[in-house]
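Novice: Pasting a structure here, questions to come.
Each value in this text was obtained by applying a stated rule to the coordinates, not by laboratory testing. Bear in mind the structure is a predicted one, so any value in this text is a computation, not a measurement. We place every Cβ from the backbone using ideal geometry, glycine too, and count neighbours over all the protein chains shown.
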Amino acid sequence: MPLVTDQAMALPDGYRHIVLSPHLDDAALSCGGLIARLTATGERVLVVNICSGSPPSHTEFSPFAQTLHQRWGLPPSAVVAHRRVEDAAALGVLGADALLLPALDAIYRRPDAYADEQSLFATPVVDDPLTDVVATLIATLIKRYPRATFYVPLAVGMHVDHQLVFSAATTSLCAAAIHFACYEDFPYARQPSAVEQRLAMIGRELYAPRYIPLDETLLQAKIRAISAYSSQLGVLFGNAAAMPAAVTEYAARVASPTMRYAERQWVSL
């Protein structure tokens, strides 16, 4: 039974693969095939859910946050708790452990700065506290797991939380000479030229693609895991029924000529 905890000290030793997930679904959406592949061979995988904290009970939610709650079909007081349950189910399918951090999602952390869709997918505010949260996290993890490979969001789609995790994590990992790979943020990466635009922003010449081959079994495991996020499927895919085809199409699109399906990551040269 995979471990789910909000206490870093409760984590066992031995993780060789650590996935940084800005939200309670990004790891499965973007790396579900990789995680299933690793755990099937006995590798231990840790997913760190960064923005998985619950807002204080007295929070007055912004109009934008209230709109999102309505889209998700969740009561405001139980949004994060419900999403944690979804994520535990998804990672249970994939066989990964999870560490839940108390950091808040952008819409709760800085409702003044991220008050609509446009600002949520724009340049993060300079004083956003998530940067320090991620930097501290990385310092703690590399001290305990110095041989681990880290998987970081490329920030395709430009969600502010993904941008902040990318920037803080890559800065810290490069400084410590720790190996990492950047995963393509799904489903944002489905949009035409979205990956290329993001790579152009961070220096396409600095990265090379790496392909994670997926067979039918691994692809179906990824789809089963994603199906656990019932509150998010309508927003992400239009409706739940459209999700399997979207996942399959993108896995086929990014595969190299010798593969049927794949996930694509980007590694620094």
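Novice: Taking amide H positions as placed 1.01 Å from N in the peptide plane, with prolines and chain starts having none, which residues 5 or more places from VAL19, or on another chain, fall under 5 Å of its amide H?
Specialist: Result for VAL19 returns LEU46, VAL47, VAL48, TYR151.
Novice: Which of the listed residues, ALA240, PRO257, THR136, is farthest toward the dipole's positive end in the chain, when Lys, Arg count +1 and Asp, Glu count -1 at the beta-carbon?
Specialist: Positive-end residue among those listed: PRO257.
Novice: State, to one decimal in nm², a quarter of the convex hull surface area for the C-alpha atoms of the chain, i.e. the direction-averaged projected area. Walk me through the numbers on the way to the answer.
Specialist: Values: hull surface 54.3 nm².
For the chain, averaging the hull's shadow over all directions gives 13.6 nm².
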